[in-house]
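Just so it is clear, none of the values below were taken in a lab; they were calculated from the coordinates. Only a predicted model underlies this, so the values are computations on that prediction, with no experimental measurement involved. Counting neighbours? That spans all protein chains shown, and the Cβs are built from the backbone with ideal geometry, glycine included.
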Amino acid sequence: MKVVVFDSSSLISLAMNNLLWTLRKLREGWNGEFAMPNAVKEEVVDKPLLTKKYKLEAINIEDAIAHHDLSVYSGIDSKAMLDLLNTMYRAKNQNIIIVQQAEVEALVLTVQKNADAYVVDERTMRLAIEDPMRLHQILEGKLHTNIHVDKEKMRIVQEFVKQLKIIRSTELMMVALEKGILQEYTHVSQKKEVAEAVLWGLRLRGCSISTEEIEELIREER
């Protein structure tokens, strides 16, 4: 079965932009599964349900789970990968914690399921996988200190994720646009207008995407 795995950041972006409803139509048209680990469910459903600020978004994600638009997997052992990623960079003899358990569980689930894609909107996790040396540069600039990189741990991480494909909620919603799903709930007929609205909405409410990337995606629309 085809599988796409979500981390917390991507689901939050979709929930904050009232776009969770697109998952059902995407999943049905694709005939696959949208999945997440239990640690992500705890972050986006269980804990927010105890608050007032994000309770509505949590209810919407819980509804998507109830309707099988999102599957939840338990028992994922992410400790080894979590330790690798969070000891890969050091400054002043201290490890730099760059990722949390939920996103690493999602990463491990993606590899275990040989998933078609890992949907993650948070920049640090994407860079740790796709361009760890760029992340090293960003961390040095942010912390204003020299940072040591454990090249062996980096090699192990890169070997673990070598077949993994990362996308963001923005790319997923551009697929929904191409399939005509997004235009079902708007009178706007121009795809570029819908693309601009969705992409900027996602950026302003959670997704790490540059202005240049948004403009390139908009130019690709006809």
For residue 165, list the lysines whose Cα falls under 18 Å from its own Cα; do not include residues on the same chain fewer than 8 positions away. 2, 113
Overall Cα dimensions of region 3-167, principal axis frame, Å, largest first: 47, 36, 26
For region 169-220, what is the relative contact order in percent, using Cα pairs closer than 8 Å and at least 6 residues apart in sequence? 36
So, in Å, what gap is there between the alpha-carbon centers of region 116-143 and region 81-112? 11
J(HN,Hα) series, region 89-99, from Karplus relation 6.51 cos²θ - 1.76 cosθ + 1.60, nearest Hz, glycine and proline x: 10, 9, 9, 6, 6, 10, 5, 9, 6, 10, 9
Could you calculate the FRET efficiency of residue 52 with residue 21 from 1/(1 + (r/R0)^6), where r is the beta carbon distance between them and R0 is 22 Å, rounded to 0.05? 0.45
State to the nearest 20 debye the size of the charge dipole of region 6-77 about its Cα centre, where the only charges are +1 on K and R beta carbons and -1 on D and E beta carbons. 300
Could you tell me the relative contact order of region 3-167? Use alpha-carbon pairs under 8 Å, at least six residues apart, and round to a whole percent. 28
Calculate for the chain the 222 nm mean residue ellipticity that helices alone would give, adding -39,500 (n - 2.57) per DSSP H run of length 4 or more and normalising by residue count, nearest 500 deg cm²/dmol. -15500 deg cm²/dmol
Charged-residue dipole, Cβ positions (Lys, Arg, Asp, Glu), region 3-167 about Cα centre, Debye nearest 20: 400
Sorted by packing (mean other beta-carbon atoms within 10 Å per residue), highest first, where do 116-122, 60-66, 72-78 land? 116-122, 60-66, 72-78
Of the peptides 13-21, 123-131, how do they stack up when ordered by the mean number of other Cβ atoms within 10 Å, highest first? 13-21, 123-131
In nm, give the distance between the simple-model label positions of residue 93 and residue 183, each being 7 Å from the Cα along the Cα-to-Cβ direction. 6.3
Measure off 7 Å from each Cα along the Cα-to-Cβ vector at residue 144 and residue 210, then give the distance between these two points in nanometres to one decimal. 2.5
Where in the chain are the DSSP H helices whose C-alpha atoms run 15 Å or more along the long axis and whose mean Kyte hydropathy is at least 0.0? 55-66, 101-112, 191-204
Students often get this wrong: which residues of region 139-167 have the backbone nitrogen under 18 Å from the point 7 angstrom along Cα-to-C-beta of residue 77? 157, 160-161
Within a Cβ distance under 11 Å of residue 113, other residues only, what is the Lys/Arg minus Asp/Glu net charge? -1
Select from 144, 86, 45 the residue farthest towards the positive end of the dipole of the chain; place +1 on Cβ of Lys and Arg, -1 on Cβ of Asp and Glu, and compute about the Cα centre. 144
Of all DSSP beta bridges having both residues in region 3-167, the percent classed as antiparallel (nearest 5) is 25
